[in-house]
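The values are calculated or read from the model by the stated rules, or taken from the named source; none is laboratory data. Predicted, not measured: the structure shown is a model, and the values here were computed from it. Here the Cβ is made from the backbone with ideal geometry for all residues, glycine too, and neighbour counts use every protein chain on show. The protein model used for the area step is the full one, side chains on, heavy atoms only, and it has no ligands, DNA or RNA in it. Shrake-Rupley method; radii C 1.70, N 1.55, O 1.52, S 1.80 Å.
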Amino acid sequence: MRKTLVVVESPAKAKTIKKYLGARFEVIASKGHVKDLPKKLGVDIENGFQETYEVVPGKEKVLQELKQAASGVDEVLLATDPDREGEAIAWHLAEELKPAHKTTKRVEFHEITKKGVEYGVSHPRELDKNLYDAQRARRVLDRIVGYDVSALVWSKLAFGLSAGRVQSVALRLIVDREREIEAFVPEEYWNCGASLAPGGGAQTFFARLVARDGEKLAVKNADEAARVRTDLDGAEFSVATIAKTERKRHPPAPYTTSKLQQDAVNRLGFGAKRTMQIAQGLYEGIDLGKDGGPVGLITYMRTDSVRLSPDAVNAARDFISERYGRQWVPAQPNVYKSRKSAQEAHEAIRPTSLELTPDTIRRHLKDDQLKLYKLIWDRFIASQMNPAVYDQTSVDIEAKAATNQYGLRASGRVLRFSGWLEAYGRGESTKAGSLAGEGDGDDDKKNERDAKDAVAEDGEAILPDLAERQPLRLLVPPGTITEQKFTQPAPRYTEASLVRELEERGIGRPSTYAEIISKVQARDYVEKMDGTRFQPTLLGKFVVDGLVRSELDFMDPAFTSKMEEELDEVEAGKEDRTTLLKRFYKRFRAQLDASKKGKRWNPDPEPTDEKCELCGGTMLKRWSKRGWFLGCDKYPQCENTRNLGADGLPTQARETDIACDKCGKPMAVRSGRFGEFLSCTGYPACKNPRPIPLGVKCPKCGGDLIEIRSKKRGSRAFYGCSNYANESIKCDFKLWQKPIPEPCPDCGAPFLVFGGTRTKPAIACANKECGYKRPVGEAAPSGGAKPDLGLASAPSVVG
């Protein structure tokens, strides 16, 4: 009997595939790449950019097992992932495993199901040189840029820093957005409107001000808003015109990689890297407790196509008809158009079998797997359903005041047919924001709530039955509403919005988005504000500014996008790999050599008014890759330094009543790179730093609870006992929620904690059995005392 060896990338995939192929096949995992470039450059630029590949450290045993297995079979099938990188891995494997007398072929599995595996095995092909040459070209480009530009950054800024071809462009996008925010000048404007009701009706609605005396009106200041309010308070309101139309909301396309990553961030709170790790597991196979082992639940998850196979579309239509009814199935299947730059190598991401509904396999999936699988499932089903249908109503209202005539407008829609929203997306719409009402008393608050509650689930007001020329009454309170607003800058990027920006600009490809995001975060170039939005560090800004001033082409997003198109040309066989690299390198080398001239990128030292405590010299404000600090101008004779805060400003130390546990002198609050801390006022004779106590005693040993944060950027802070480092105690008490020095009013627990969710923060009892909770911002019950941390009433400068 002929024997065949199938080589895949992961052990999980190997286990799933083995059950479909039977005894004639042996399935072994390479566990990813078996060969790669060495740590040194590894590219012979003068000899056609020839690479020197080496066996990946630690893969020697795996490679030996593969060679041994290949020696005992008649055929080797290379079934690595069906993309450029997978083709490159297969090329390396072929070089190592293909004896002269053996047949070595390439197969692709676009879904790890019996049908998908059998189809792949029965359709072997030769290795695609164009495909792996495109990956080779990308790898060499990244190595050359990373190797040479990192050396440039070392010489111009600080040793040990790094830069990458695509990651540096992503960092530039983050820095450019931050600069937009810093330069943004808010402009004042006022939202004005009125809460109205039909003459004898109880249903209220809100109408926004849009015009005065037939001209469009934009209220820009408080004086104008007051005039409008006075006029509308005394105006007579009536319906001018009513327009009713039918609107349809069409379903979204099935998921591509970037759209899945964006929705996983926005809807599930998953980062791009985490999303792809979970999706990889769903693709490779999950053990569902059935005979035969794991089952692949989704198609290949690195794709920029929205194409679906006819079989998948027909299965979806049958499922929709059975689950929801024939009226939810469109007359013709929905077809979606991919982006112009899409490679169309794979289908969209979809479930492999509609028999495996999220509910039926729930108990076999981890929580994260179930959430992502359901997201993919719902999106796929929704993509083949009919549009949602609304009745849209727009009402123009006249307000006749003593001196002017104002125009207001109210709009609303009512969902008449749920369509695809039945399966996916009912919670997507953002509710229309209502203006805050004014007034006092319970009746006032009820009227205000009624005005705000006149909002449909889908985001717009539900209007009462109205007729043209019908008089309306002003509901008091809240009556006329004027609300001051200011224009806002573009928001900082989240992982979702950065992926979207990269995709729209053509930077990177589906297989690279998660890696780009991961590398941007791994360096000290960005931080996450509130755990979600990217803000560049000063170090990140210096790196980007220096690279941009150096006029290196790859820092231009348009150039990087064009390079992706050229790599696509290599894959298509329309561009030679070496020709592309030569063209890039000639210009890159000239730009790099020119950029080595000139001054360093870091700021020059600045004198300050502070004197050195050790020698009396002048302390200079300096910068290093670890942040701002003060250093003596007598360096290197005097090595006295002192960290500054993140803003680089020398701050006044605030003396406290807390005594130094080493010398007994008072401690003072100082600012450093990682926030505020306690420092002994006896510095420099006593260099004793301590975390600031939070005013809450440890329930385990009675020590002070403090914030504990790793020096690694981006790490999550937690709250523990100050005795965690005490050799004789080593208290291990830990909290993830910040403790608040306030006793619980319900159960008397000694402290509360910040809890709730990101959108609905709350203060809760530390005792989980108690259940006490109140929204952040709501006043504490009377009698709750705040502890005194011993801060002196007036700050004092401490040496």
Q: Evaluate the following for T113: is it among the polar types (S, T, N, Q), touching a helix residue (DSSP H, G or I) at 6+ places or on another chain (Cβ under 7 Å) and surrounded by 13 or more Cβ atoms within 10 Å (Cβ to Cβ)?
A: no
Q. Taking K102 and the conditions (1) touching a residue at least 40 places away in the same chain (Cβ under 8 Å); (2) open to solvent by 10 Å² or more (accessible area, probe 1.4 Å), which numbered condition does it fall short on, given that it satisfies the others?
A. (1)
Q) When the residues of the range 333-365 are filtered to those that are of a type in the set (G, A, S) and closer than 27 Å to E501 by Cα, which remaining residue is modelled with the highest pLDDT? A) A348
Q: Among what's in the range 536-586 and is of a type in the set (G, A, S) and assigned to a helix (DSSP H, G or I), pick the residue that is most open to solvent (accessible area, probe 1.4 Å).
A: A558
Q: Within the range 496-512, work out how many residues are open to solvent by less than 10 Å² (accessible area, probe 1.4 Å) and either modelled with pLDDT of 90 or more or assigned to a helix (DSSP H, G or I) (or both).
A: 5
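One line per residue, one yes/no per condition, for (1) open to solvent by 20 Å² or more (accessible area, probe 1.4 Å); (2) of a type in the set (A, V, I, L, M, F, W, C); (3) in contact with a Gly (Cβ under 9 Å, 6 or more places away or on another chain); (4) part of a loop (DSSP other than H, G, I, E, B):
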| residue | (1), (2), (3), (4) |
| --- | --- |
| V6 | no, yes, no, no |
| E46 | yes, no, no, no |
| K61 | yes, no, no, no |
| L66 | no, yes, no, no |
| A69 | no, yes, no, no |
| L77 | no, yes, yes, no |
| G86 | no, no, no, no |
| W91 | yes, yes, no, no |
Q) Across the range 214-249, what is the total count of residues that are open to solvent by less than 90 Å² (accessible area, probe 1.4 Å) and touching a Phe, Trp or Tyr at 6+ places or on another chain (Cβ under 8 Å)? A) 12
Q: Considering each residue of the range 389-409, count those that are open to solvent by less than 10 Å² (accessible area, probe 1.4 Å) and modelled with pLDDT of 95 or more, and give that number.
A: 5
Q: Answer yes if at least one residue in the range 340-363 is in contact (Cβ under 8 Å) with a residue 60 or more places away in the chain, part of a helix (DSSP H, G or I), hydrophobic (A, V, I, L, M, F, W, C) and within 23 Å of A253 (Cβ to Cβ), and no otherwise.
A: no
(Q) Quick check on my filter: what residues within the range 354-382 are in contact with a Ser or Thr (Cβ under 8 Å, 6 or more places away or on another chain) and over 23 Å from S418 (Cβ atoms)? (A) L372
Q: Assess whether I174 counts as being at pLDDT 95 or above, open to solvent by 30 Å² or more (accessible area, probe 1.4 Å) and of a type outside the set (K, R).
A: no
**Q.** Scan of the range 744-765 for residues that are in contact (Cβ under 8 Å) with a residue 40 or more places away in the chain and buried (at least 18 other Cβ atoms within 10 Å of the Cβ), ordered by number
**A.** F751
**Q.** Residue, nearest to G22 (Cα to Cα), within the range 117-162, restricted to residues that are surrounded by 15 or more Cβ atoms within 10 Å (Cβ to Cβ) and among the basic types (K, R)
**A.** R136
Q. If we keep just the residues of the range 30-44 that are in a loop (DSSP other than H, G, I, E, B) and not hydrophobic (A, V, I, L, M, F, W, C), which is nearest to V6 (Cα to Cα)?
A. S30
Q | Selected residue (only one of C615, C660 is over 29 Å from D176 (Cα atoms) and open to solvent by less than 30 Å² (accessible area, probe 1.4 Å)) | A | C660
Q: Output the qualifying pairs, or none if there are none: Cβ atoms under 9 angstrom, residues six or more apart or on different chains, first residue in the range 48-74 and without any contact (Cβ under 8 Å) to a residue 12 or more places away in the chain, second residue open to solvent by less than 30 Å² (accessible area, probe 1.4 Å).
A: Q50/V43
